[in-house]
């Protein structure tokens with residue numbers, strides 16, 4: 001009499017971007033946008049998370065993401081309280097429904113399971129060490145939502161602030177409107193910069209509308225290529241490595 005030995009495996013729980021959109025009431029394209037930004041900020045590639053699903057009505061394939069619990073909760077950290085609660089409640093349902101792993105029935109099965117667990121544990125330790133190094137690098141460059149101030153960018157590409165701002169003024173990256181400096185619209189449309197308006201009060205107590213130019217990660221990589229004498233700080237370059245493939249090579 002022979003006994004079939006079943007493989008002792010568990011399928012990791014994930015939540016799709018479509019389900020997140022359905023639970024939160026957000027448009028799926030906006031959820032995908034948030035996920036892309038989160039993965040980029042964490043220094044993670046989309047491989048392993050991006051996938052396709054087929055619409056049963058028209059048979060066409062569309063992009064979606066499948067996130068584990070930690071990334072799902074990280075994604076919704078900035079969402080409204082009621083949205084977060086729906087996601088958390090759904091995760092509790094998924095975990096309650098999750099099928100428990102099979103208990104080894106023989107000594108040989110127990111050895112195989114022990115080896116599998118040890119291998120997964122070692123892989124997780126290596127992954128955690130890599131993520132810790134990336135997190136430290138990101139902290140050191142004050143990574144904030146993928147945007148930086150002009151002086152901060154000058155420091156990261158290792159040029160003097162005056163040299164950098166002169167480059168912006170003489171190469172159609174920013175212009176003056178009265179006392180306010182603004183980024184050119186085509187540079188904004190290209191994803192390099194954005195204008196952030198803010199009110200302020202002068203010494204006479206009069207209120208005015210000022211502007212702060214913010215530079216995106218894409219812009220940082222661009223300036224590291226085109227500003228004379230620019231060179232990324234080694235720590236910044238290591239932290240920005242996941243974005244290196246997105247660098248554009250066309251002239252400014």
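A short reminder: the numbers here are calculations on the coordinates, not readings from a lab. It should be emphasised that the depicted structure is a prediction, and the values quoted were computed from it without experimental measurement. Glycine also receives a Cβ, built like all others from the backbone with ideal geometry; neighbour counts cover every protein chain displayed.
What the table below lists for this structure:
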read-out	value
Translational D in µm²/s for region 147-246 (Stokes-Einstein at 10 °C, 1.306 mPa s, Kirkwood Rh from C-alpha pairs)	111 µm²/s
Span from the region 31-101 Cα centroid across to the region 180-217 one, whole angstrom	34 Å
Neighbour-count ranking [beta-carbon atoms within 10 angstrom, fewest first] of 19, 63, 206	206, 63, 19
